[in-house]
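The values are calculated or read from the model by the stated rules, or taken from the named source; none is laboratory data. Only a predicted model underlies this, so the values are computations on that prediction, with no experimental measurement involved. As a convention, Cβ positions derive from the backbone with ideal geometry for all residues, glycine included, and neighbour counts pool all protein chains shown. These area figures cover heavy atoms from the full protein model, side chains too; ligands, DNA and RNA do not enter into them. Shrake-Rupley method; radii C 1.70, N 1.55, O 1.52, S 1.80 Å.
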Amino acid sequence: MATQVALFVIVALGFCCLAFAFEPKPLQDFCVADPTSSARVNGLVCKNPMLVQANDFSFSGLHLPGNTTNPVGSRVTPVTVTQLPGLNTLGISMVRIDYAPWGINPPHTHPRATEVLTVLEGSLQVGFVTSNPDNHHITKVLQKGDVFVFPVGLIHYQRNVGYGNAVAIAALSSQNPGVITIANAVFGSKPDIGSDTLAKAFQVDKSIVDQLQTKF
């Protein structure tokens, strides 16, 4: 009997802790982000509801093409909680991606979000790679109106395979999805990852790593 009571208490405490650790549904109509607050929480503090305005729920400019004059030939225009405070706690955001001819959105991950991408103009080769040990490359060429999903946390990319500009729009399942561009993170970290470590990891000569690190 004592053992059963002890197990009941442990289970009850477990459910109690789970209930306080995570609330999957909103507890209020909205929680507009207050970036001026010094409070540190997992996310952004709510703005006083009496001070909320329509502009907190609005963003303008997504119809404007991004400048793709850069080494990779693409530009991402984000609409996350940073640009649109009303997204705070709602678990959603979006981006516009412009691609020059043969431009790429280089391999990257979103540590906190799944991404659903829709091609508005042009043709894009897209793909993602599954986790170890398979590292299976799943890829497809998309045309205007096609939709593709990149599962949360997996390395993925897009490449314009047409001779004209391409445009896509994507929704992400977090107000702050985060982005880790693989090349920037590996070769451009501050302080540097040791070139000996990277040379061994990529199985190349150290001089190649040194050259790559100068580009990031």
Max mean-square fluctuation residue, GNM over the chain, Cα-Cα springs under 10 Å, options ILE182, ILE193, ILE138: ILE193
Cβ-placed point charges (K, R +1; D, E -1), dipole of the chain about Cα centre in debye, nearest 20: 100
Selected from PRO78, PRO133, PRO177 as most flexible by GNM, with the chain as the system and alpha-carbon contacts under 10 Å: PRO133
Sites THR114 and ASP205 - FRET efficiency at Förster radius 30 Å, r taken between beta-carbons, to 0.05: 0.20
Long-range amide H partners of ILE92 with built H, under 5 Å: SER174, GLN175
Of the DSSP H helices in the chain, those whose Cα atoms cover at least 18 Å axially and whose Kyte score averages 0.0 or more: 2-21
Set of aspartates and glutamates with alpha-carbon distance to LYS206 below 17 Å, sequence-local pairs under 8 removed: ASP192, ASP196
Heavy atoms of ARG159: accessible area, 1.4 Å probe, square angstrom to 10: 90
LYS215 - accessible surface, heavy atoms, 1.4 Å probe, Å² rounded to 10: 140
Derived scalar couplings ³J(HN,Hα) [the stretch 108-122; Karplus, 6.51 cos²θ - 1.76 cosθ + 1.60; whole Hz; x for Gly, Pro]: 7, 10, 10, x, 10, 7, 7, 10, 10, 10, 10, 7, 9, 8, x
Derived scalar couplings ³J(HN,Hα) [the stretch 47-61; Karplus, 6.51 cos²θ - 1.76 cosθ + 1.60; whole Hz; x for Gly, Pro]: 6, 4, x, 6, 9, 6, 10, 4, 4, 5, 10, 10, 9, 10, x
Most fluctuating residue given options THR82, THR197, THR130, as computed from a GNM of the chain linking Cα atoms under 10 Å: THR197
Long-range HN-HN contacts of GLY162 with modeled amide H, under 5 Å: TRP102, SER123
Karplus-derived HN-Hα couplings along the stretch 80-96 (A = 6.51, B = -1.76, C = 1.60, θ = phi - 60°), whole Hz, x at Gly and Pro: 10, 4, 5, 8, 9, x, x, 6, 3, 6, 8, x, 7, 7, 8, 9, 10
Cα gyration tensor shape of the chain, rounded if a/c is under 1.5, else prolate or oblate by comparing a/b with b/c: oblate
Å² per residue, accessible surface of the stretch 146-193 at 1.4 Å: 49
